[in-house]
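First comes the structure, then the notes that go with it.
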Amino acid sequence: MLRLEQSLNQQGLATDLQHLILSLADCGREISALVRGGALAGVLGVADTENVQGETQKKLDIIANDLIKDKLAANALVKGIASEEEEEVVAANTDGSYLVCFDPLDGSSNIDINSLVGTIFSVLPAGEGEVNQHAFMQPGTAQSCACYILYGPATVMALTTGQGTQMYSLDPKTNDFILVDDAVTVPADTGEFAINMSNQRFWQPAMQSYIADLIAGKEGPRGRNFNMRWIAAMVGDVHRVLSRGGLFTYPQDTKNPEKPFKLRLMYEANPMAFLVEQAGGKASTGYERIMAIQPEHIHQRVAVILGSANEVDACLEYHAQN
Ligand code: AFP
């Protein structure tokens, strides 16, 4: 069984990228230990602060963010970071080769109910010049690496550097990430979808029709039944898609006119799109490939439809007609 460092070496990755990925895995190990401690670790509950998104921060949001920020700021390879929990980008090391965007604790509203949460990383080349928001405004196709660490019954890590998607599991005995799938593949067809149904009355007509036809099942236009799952943590829903296929979507809605989209492009949609595409799936806004979007703001939000290629295509067909 290959440990993460052996697997990275076998892929022939640039040494500095290998070292950076190991540093991201270290962040995952430390957060995994905190999450596992739960109430006993004194990390549950809400802090008395809000983040740049106007969302109440959980204690563990801040602890995870500060842990990652400190570790990456001390890593000579990192020129700058952007976090869901930080209003502005943070400069790190002038000679660093990489920029790292991250959601330190995705699904944090799940933490107090002992449900799935995770950390999502997107790594971009740093390029020349100073570290400012503009340096991060690169499309998803520019990513050097994307990964998530999911803190569940097992702590697992999905990783891509553009050579397919690999899955690792943290061995609690040795604290090593062990390669468990060297070529994750998303089945092209699926009978399972994930969406927050409570927003149904706020969706655009295309999504209304698409989901209605899934729910109509065998008697409807799709001629077969579908199942639904909703974890309310993108990292958990995407892990299910990578594990057994499916379609995950957080579509545009009119619930909050100032915020027609929920998920963040730079540190949620882009890294997940990279992982899913490298596993043979698709990731779209409904009207364009997510990884082709030219970002305009570090906390920019987008609609997300991702997963089994043929089912994403079926959903896009409804959007093409509306
Ligand atoms: P939190 O990190 O605030 O829990 O939000 C998680 C998330 O950004 C994404 O991971 C989920 O898919 C989505 O929000 C869930 O949103 P709803 O709570 O509206 O279902």
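Suppose we keep only residues that are open to solvent by 20 Å² or more (accessible area, probe 1.4 Å) and in contact with a Pro (Cβ under 9 Å, 6 or more places away or on another chain) within segment 38-65. Which one would you say is farthest from L265 (Cα to Cα)? Residue satisfying both the conditions and the ranking: I63.
Here segment 47-100 is the region considered, the condition is being in contact with a strand residue (DSSP E or B) (Cβ under 6 Å, 6 or more places away or on another chain) and among the small types (G, A, S), and the residue that is nearest to T15 (Cα to Cα) is G96.
Taking the listed residues S32, S23, the one that is among the small types (G, A, S), closer than 30 Å to V180 by Cα and surrounded by 20 or more Cβ atoms within 10 Å (Cβ to Cβ) is S32, with no other qualifying.
Listed by position, the strands (runs of 3 or more DSSP E) inside segment 1-120 whose residues that are within 14 Å of the ligand (Cβ to nearest atom), in the same structural domain as A146 (by TED's automatic domain parsing) and closer than 27 Å to P295 by Cβ number at least 3 are 56-58, 98-106. Close contacts from segment 212-233, counting a first residue that is under 28 Å from N114 (Cβ atoms) and without any contact (Cβ under 8 Å) to a residue 40 or more places away in the chain and a second that is part of a loop (DSSP other than H, G, I, E, B) and within 16 Å of the ligand (Cβ to nearest atom), with Cβ to Cβ under 8 Å and a gap of 6+ residues or different chains, come to M228/I195; R229/G246; W230/I195; W230/N196. Evaluated against (1) within 16 Å of the ligand (Cβ to nearest atom); (2) touching a Lys or Arg at 6+ places or on another chain (Cβ under 8 Å), A309 falls short on exactly one condition, (1).
Of the candidates M291, M234, M272, the single residue that is touching a Gly at 6+ places or on another chain (Cβ under 8 Å), under 22 Å from Q138 (Cβ atoms) and either within 13 Å of the ligand (Cβ to nearest atom) or open to solvent by 10 Å² or more (accessible area, probe 1.4 Å) (or both) is M234. Return the residues of segment 165-203 that are in contact with a helix residue (DSSP H, G or I) (Cβ under 8 Å, 6 or more places away or on another chain), open to solvent by 20 Å² or more (accessible area, probe 1.4 Å), away from the ligand (no atom under 16 Å from the Cβ) and not in a strand (DSSP E or B); say none if nothing qualifies. N175, D182, P187, A188, D189, listed by residue number.
Taken together, the residues in segment 153-163 that are open to solvent by 20 Å² or more (accessible area, probe 1.4 Å) and under 14 Å from L8 (Cβ atoms) amount to 3. In segment 237-261, which residues are in a helix (DSSP H, G or I) and either crowded, with 20+ Cβ neighbours inside 10 Å or near the ligand (Cβ under 10 Å from one of its atoms) (or both)? Across segment 237-261, the qualifying residues are D237, V238, H239, V241, L242. Listed by first and then second residue, the pairs linking a residue in segment 193-206 that is more than 8 Å from P251 (Cβ to Cβ) to a residue that is aliphatic (A, V, I, L, M) and more than 12 Å from the ligand (Cβ to nearest atom), with Cβ atoms under 6 Å apart and 6 or more places separating them unless they lie on different chains, are F193/L214; F193/M228; F193/L247.
The values are calculated or read from the model by the stated rules, or taken from the named source; none is laboratory data. None of these values were measured; they are calculated from a predicted model. Ideal geometry is used to build each Cβ from the backbone, glycine not excepted, and the neighbour counts take in all protein chains shown. To get the accessible areas, we keep the full protein, side chains included, count just its heavy atoms, and leave off ligands, DNA and RNA. Shrake-Rupley method; radii C 1.70, N 1.55, O 1.52, S 1.80 Å.
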